[in-house]
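Input: a single structure, listed below in structure tokens.
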Amino acid sequence: MLLLTLESSCDETSAAVVRDGRQVLSNVVASQVDVHARYGGVVPELASRKHLEAVVPVVAEALDRAGVTLDRIEGLAVTRGPGLVGALLVGLSMAKSLAFALQRPLVGVHHMEGHILAPLLEQEIDFPYLALAVSGGHTHLYRVDGIGRYSTLGRTLDDAAGEAFDKVAKLLGLGYPGGAVMDRLAAQGNPRAFDFPRPLLKKDNLDFSFSGIKTALLYYVQGQTGPIEGQHLQDVAASFQAAVVEVLCAKTLRAAARTGLKRIVVAGGVACNRGLRQAMTAQAQAAGLQVTFPSPALCADNAAMLAVAGNAYLEQGVRAGLDLNARASWPLDQVEANTAA
Ligand code: KG4
Ligand code: ZN
């Protein structure tokens, strides 16, 4: 089945054309990063407006790059939630309009479901597997028993990992979003220069907490008399990243040990982080576990990632009506009931 997929949950407008839920023919992403950077975070109203401007050209470009015309599209999948409601509605309205005009089936997909199934666009991975989803809004450990069959094993009790990277980058005057900048600086720094806390590391559970690391860094910055720059800045970035990565790896390996799952998928924007990729790969290998990271373009928000679940649901006969609505907050565990509705 040839699917057109649409993603607009936050600050990226994306459309993709994917065959059989596996072969990506195009995956176009229009980022609004420059629009929001001057405000230090995503401004929801601006995001909605920018999605409105971008959605038609992005769909046209996705079709163009895939070399297909609209009439060849056999079904549509769209991010239904979670995310910014005004942003989600733009993708949903576009998808519903196209489904109605073309008389093609439509299905709504959970954004995190897209992220944790994204590596299947590049390689086969047998179910069940453990997924660490790390993005700007989520830090969750999920058990993935199949498409549409997810359970939450652990989650952050405060900030998401990406949010912590972004807040710390802002504190250090590195702009927004700061995850990728921190990653680059950390590569040049000494991860043992500063001993930032590892919240909940010793606690025998699968939950995370990142606000304490951020606060420790805030106090450190406030205690300085001059600006933090050069090698000093690189050492701070490396030490912060080391603390976040250590907790992410430890809890993921603990979850694998507890569940007996042998395969790990790390997904979401923070899965681009080189420190996390290196540490998780080394530790998983040492524990005899298989670990997979999607390539960076499939880690960050994109529409192609929705095609794995979208294609499977459409093949199962799941159909969303034209009353399909956005769900700003939507736990992944509840996806089955809602998608089938
Ligand atoms: O999945 P994503 O693109 O959007 C959400 O659904 O949130 O994730 C975006 C997050 C941002 O917080 C961004 O700073 C972070 O991923 N990020 C990174 C890196 N690249 C993106 N964090 C750490 N290291 C990176 N290389
Ligand atoms: Zn995302």
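Going through (1) within 15 Å of Val144 (Cβ to Cβ); (2) within 16 Å of ligand 1 (Cβ to nearest atom); (3) outside the structural domain of Glu12 (by TED's automatic domain parsing) one by one, Leu261 falls short only on (2). In region 18-34, which residues are within 16 Å of ligand 2 (Cβ to nearest atom), more than 12 Å from Met305 (Cβ to Cβ) and in contact (Cβ under 8 Å) with a residue 24 or more places away in the chain? Answer for region 18-34, where residues must be within 16 Å of ligand 2 (Cβ to nearest atom), more than 12 Å from Met305 (Cβ to Cβ) and in contact (Cβ under 8 Å) with a residue 24 or more places away in the chain: Ala30, Val33.
Please verify whether Ala216 is assigned to a helix (DSSP H, G or I) and either closer than 21 Å to Tyr142 by Cβ or under 23 Å from the mean Cα position of the chain (by Cα) (or both), treating the condition exactly as stated.
When the stated conditions are applied, Ala216 does not pass them.
Which of the residues that make up region 166-184 are within 14 Å of ligand 2 (Cβ to nearest atom), assigned to a helix (DSSP H, G or I) and either more than 30 Å from Phe127 (Cβ to Cβ) or hydroxyl-bearing (Ser, Thr, Tyr) (or both)? If you could, list the steps in order and put the result at the bottom.
Let us first name the residues in region 166-184 that are within 14 Å of ligand 2 (Cβ to nearest atom), namely 166, 177, 179.
Next, from what is left, pick out any that are assigned to a helix (DSSP H, G or I): 166, 179.
The one that is within 14 Å of ligand 2 (Cβ to nearest atom), assigned to a helix (DSSP H, G or I) and either more than 30 Å from Phe127 (Cβ to Cβ) or hydroxyl-bearing (Ser, Thr, Tyr) (or both): Asp166.
Scanning region 5-17 for residues that are in a strand (DSSP E or B) and either free of Cβ contacts under 8 Å to residues at least 12 places away in the same chain or in contact with a Gly (Cβ under 8 Å, 6 or more places away or on another chain) (or both) turns up Thr5, Leu6, Glu7, Thr13. Within region 124-145, at least one residue is open to solvent by less than 20 Å² (accessible area, probe 1.4 Å), outside the structural domain of Ala320 (by TED's automatic domain parsing) and polar (S, T, N, Q). When residues in region 282-296 are screened for being within 15 Å of ligand 1 (Cβ to nearest atom), polar (S, T, N, Q) and not in a loop (DSSP other than H, G, I, E, B), 0 of them pass. If the condition is being surrounded by fewer than 16 Cβ atoms within 10 Å (Cβ to Cβ), small (Gly, Ala, Ser) and closer than 14 Å to Asp11 by Cβ, then region 41-94 contributes only Gly41. As an exercise: evaluate Gly260 against (1) open to solvent by 60 Å² or more (accessible area, probe 1.4 Å); (2) free of Cβ contacts under 8 Å to residues at least 12 places away in the same chain and give the number of the one condition it does not meet. Only one criterion in (1) open to solvent by 60 Å² or more (accessible area, probe 1.4 Å); (2) free of Cβ contacts under 8 Å to residues at least 12 places away in the same chain is unmet by Gly260, namely (1).
The values are calculated or read from the model by the stated rules, or taken from the named source; none is laboratory data. Please read all numbers here as calculations on a predicted model, not as lab measurements. No Cβ is skipped: glycine too gets one built from the backbone with ideal geometry, and neighbour counts run over all protein chains shown. Just so you know, the surface numbers come from the protein's heavy atoms only, side chains and all, with ligands and any DNA or RNA stripped out. Shrake-Rupley method; radii C 1.70, N 1.55, O 1.52, S 1.80 Å.
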